[in-house]
Amino acid sequence: MMDSALAYARSVQTGDTPLSWSDLERSAFHAHPDIQESLGQTNADLPSRPAGGLASGVLALGAGVIEIWPLIAAGIVLTAGRLGADLDVPLAVAGTGAIGYIVSRVILDVRVMRGRADVSATRALLNGVAVLFGALAVWATTIASRDAGLARVWVAVFVAMAVSSAATAVTMAVRVWRSGGASVPATRFDELRRAVDALAPGERESIRSDLARAVDILADAGVIDHDEAADAANAPLGGLARQEWARSQSSR
């Protein structure tokens, strides 16, 4: 990593280094290794291609369904029970989804504890309500299933679903309580922005000046066009690579 954005731009200008907005931005924060490391982690999270089309729609729908699966599972079992239908298939569907839900709660708990997930009192409450639907699925399975052995298997799954909801609700509630009741948008980028904002005004101005000179060199060398240079010059500190990534996606 170069010791300044200007040095990095000159290396790109001479053809020694291919342009990477992330590396350019990180070079500007050479005197602040913690922020430099955070930039590397944050920029590494940017997808290599745009999210869009059918695939992203399906993924978003799947994520939404998983979030309300305790409600769906309880509805499936209750409806099948009221209709007097055989519960083998409904229980298999509800139970398989419940297993996916449990896995999603474990992943979410880890992200919350590491400060990498948005947390709010509302989300904690919704996970708490999901416990009730998990309990409802347990009750419906117990009274409607004609196969006691199979029922015990799915009851155990639904109990685990309810417990995972409760664990997530508690984990989120603790985070919200520690933050004084406010929402906690603790993404890597949020943490990075707070670290940049905590720098002294003079330090921020020095970094901004270094980046501006680097961008001018790249534009004068024809590596980037002047419109791109103007956008880069106006990017918020710590957000240059992210802005240029968004620009590249919108131009595809």
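The values are calculated or read from the model by the stated rules, or taken from the named source; none is laboratory data. Everything quoted here is computed from the prediction, not taken from an experiment. Positions of Cβ are backbone-derived with ideal geometry, glycine not excepted, and every protein chain shown enters the neighbour counts.
Quick check on this structure: which one of VAL196, VAL215 is buried (at least 16 other Cβ atoms within 10 Å of the Cβ) and more than 15 Å from GLN36 (Cα to Cα)?
Of the residues listed, the single one that is buried (at least 16 other Cβ atoms within 10 Å of the Cβ) and more than 15 Å from GLN36 (Cα to Cα) is VAL215.
Only one of THR122, THR96, THR141 is buried (at least 16 other Cβ atoms within 10 Å of the Cβ) and either outside any loop (DSSP other than H, G, I, E, B) or within 22 Å of the chain's Cα centre (by Cα) (or both); which?
THR141
Here's a check for you: in the range 47-93, which residue that is within 22 Å of the chain's Cα centre (by Cα), at pLDDT below 85 and not small (Gly, Ala, Ser) is surrounded by the most Cβ atoms within 10 Å (Cβ to Cβ)?
Restricting to residues being within 22 Å of the chain's Cα centre (by Cα), at pLDDT below 85 and not small (Gly, Ala, Ser), the top hit is PRO50.
Let's see how each residue does on (1) of a type outside the set (D, E, K, R); (2) out of contact with any Lys or Arg (no Cβ under 9 Å at 6 or more places or on another chain):
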position	(1), (2)
ARG123	no, yes
PHE133	yes, yes
ALA144	yes, no
ARG152	no, yes
ASP190	no, yes
ARG193	no, yes
ILE224	yes, yes
ALA229	yes, yes
ASN234	yes, yes
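Of these, ALA9, ALA44, ALA5, which one is under 19 Å from ARG193 (Cβ atoms) and modelled with pLDDT of 90 or more?
Answer to the check: ALA5.
Among the residues of the range 1-40, which ones are part of a loop (DSSP other than H, G, I, E, B), under 16 Å from TRP245 (Cβ atoms) and not polar (S, T, N, Q)?
Correct list: PRO18, LEU19.
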